[in-house]
Amino acid sequence: MEIIHKYFTELSEEQEQQFKQLASLYETWNSRINLISRKDIENLYERHVLHSLVLSAVMPELKSGTEILDLGTGGGFPGIPLAILFPEVQFYLIDGTGKKIMVVNEVASELGLKNVQAQHIRAEEWKGAKVDFVISRAVAPLDQLLNWSRPLLKKKEQNAYPNGLFAWKGGAIKEELKSIGKGEYKELMPISDFFEEDYFLEKFLVYVQG
């Protein structure tokens, strides 16, 4: 938790408790279902929780009632940590692997997160409400993510960033960026600009306007 306290100094008591619970919950579930590598589970707060929370460095405030779809959430990242941080925002977490969604639902229930709905579906099967943002962490190439995301976005905007896609990426991202048309508005944000740990070198948050 120390690394969370380093960057987030104004958590409520409830948020503090929810973040603390993540370690035991994911250790327990990871022993039954392989969600996170053993090396990474030992660094859960840096490599998964804090990594997920970089969106809040880019958009410190999200309007109450904002709706966000976490596409390919896996074990609940980035959606679960962001749902803790933004209790007034509605998060929809989807994944094509049923076991992972089962874990997400159990974790959300244990944490008492009323702003999380998780479903075992793929992006193209989404029949729910349109959303302000699609977020996705290490799921698919940018052009594919954008194709999936565009039909799911609301027209009406209410936040500092226009509705669009936020993708967590690492390594050689420049080739992926080339796959997005030249006329598209996009931003490449090095996560090391926000978090100083070495783990975040060569890791990026990419925004593409919807």
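The values are calculated or read from the model by the stated rules, or taken from the named source; none is laboratory data. Just so we're clear, the structure is a prediction, and the values are computed from it rather than from any experiment. Don't worry about glycine lacking a Cβ; one is built from the backbone with ideal geometry, like all the others, and counts go over all protein chains shown.
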Subject >> All positions within segment 108-137 that are buried (at least 16 other Cβ atoms within 10 Å of the Cβ), over 11 Å from Ile94 (Cβ atoms) and either basic (Lys, Arg) or without any contact (Cβ under 8 Å) to a residue 40 or more places away in the chain (or both) >> reply: Ala108, Asn115, Val116, Arg137
**OP:** Identify the single condition in (1) over 13 Å from the mean Cα position of the chain (by Cα); (2) at pLDDT 95 or above that Glu124 does not satisfy, given that it satisfies every other one.
**Re:** (2)
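What is the residue count in segment 42-64 for residues that are over 10 Å from the mean Cα position of the chain (by Cα) and in contact (Cβ under 8 Å) with a residue 60 or more places away in the chain?
Start the filter on segment 42-64 by keeping residues that are over 10 Å from the mean Cα position of the chain (by Cα), which leaves 42-47, 50, 56-64.
Then keep just the ones that are in contact (Cβ under 8 Å) with a residue 60 or more places away in the chain; that gives 43, 46-47, 50, 57-59, 61-63.
The number of residues fulfilling the criteria is 10.
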**OP:** Taking Leu69 as the residue in question, decide whether it is modelled with pLDDT of 95 or more and part of a strand (DSSP E or B).
**Re:** yes
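Out of all the residues in segment 138-149, is one or more β-branched (Val, Ile, Thr), at pLDDT 95 or above and buried (at least 16 other Cβ atoms within 10 Å of the Cβ)?
We begin by selecting, within segment 138-149, every residue β-branched (Val, Ile, Thr); these are 139.
Subsequent filtering for residues that are at pLDDT 95 or above retains none.
So far as segment 138-149 goes, no, none of its residues is β-branched (Val, Ile, Thr), at pLDDT 95 or above and buried (at least 16 other Cβ atoms within 10 Å of the Cβ).
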**OP:** Would you confirm whether any residue within segment 152-159 is at pLDDT below 95 and out of contact with any Phe, Trp or Tyr (no Cβ under 6 Å at 6 or more places or on another chain)?
**Re:** no
**OP:** Mind telling me which of the residues Ile191, Ile173, Ile135, Ile180 ends up being at pLDDT below 95, in contact with a Phe, Trp or Tyr (Cβ under 9 Å, 6 or more places away or on another chain) and at negative phi?
**Re:** Ile173
Subject >> Selection status of Lys130, among the charged types (D, E, K, R) and under 28 Å from Glu2 (Cα atoms) >> reply: no
**OP:** Filter segment 12-41 down to the residues that are free of Cβ contacts under 8 Å to residues at least 40 places away in the same chain and not in a helix (DSSP H, G or I), then identify the one that is nearest to the chain's Cα centre (by Cα).
**Re:** Ile36
Original post:
If we keep just the residues of segment 65-107 that are hydroxyl-bearing (Ser, Thr, Tyr) and more than 13 Å from the chain's Cα centre (by Cα), which is surrounded by the most Cβ atoms within 10 Å (Cβ to Cβ)?
Top reply: Thr66
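Among the listed residues Leu145, Leu153, identify the single one that is closer than 28 Å to Ile36 by Cβ and hydrophobic (A, V, I, L, M, F, W, C).
Selected residue: Leu145, the only one of Leu145, Leu153 that is closer than 28 Å to Ile36 by Cβ and hydrophobic (A, V, I, L, M, F, W, C).
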Subject >> Selected residue (criterion: modelled with the lowest pLDDT) from residues of segment 20-60 that are surrounded by fewer than 13 Cβ atoms within 10 Å (Cβ to Cβ) and small (Gly, Ala, Ser) >> reply: Ser37
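Looking only at segment 160-183, filter to residues that are more than 15 Å from the chain's Cα centre (by Cα) and either surrounded by 15 or more Cβ atoms within 10 Å (Cβ to Cβ) or aromatic (Phe, Trp, Tyr) (or both); which one of those is nearest to Leu69 (Cα to Cα)? Show your work before the answer.
Step one: filter segment 160-183 for residues more than 15 Å from the chain's Cα centre (by Cα), giving 160-163, 171-183.
Then keep just the ones that are either surrounded by 15 or more Cβ atoms within 10 Å (Cβ to Cβ) or aromatic (Phe, Trp, Tyr) (or both); that gives 161, 163, 173, 176-177, 180.
Values: Tyr161: 16, Asn163: 12, Ile173: 23, Glu176: 22, Leu177: 22, Ile180: 21 Å.
Residue satisfying both the conditions and the ranking: Asn163.
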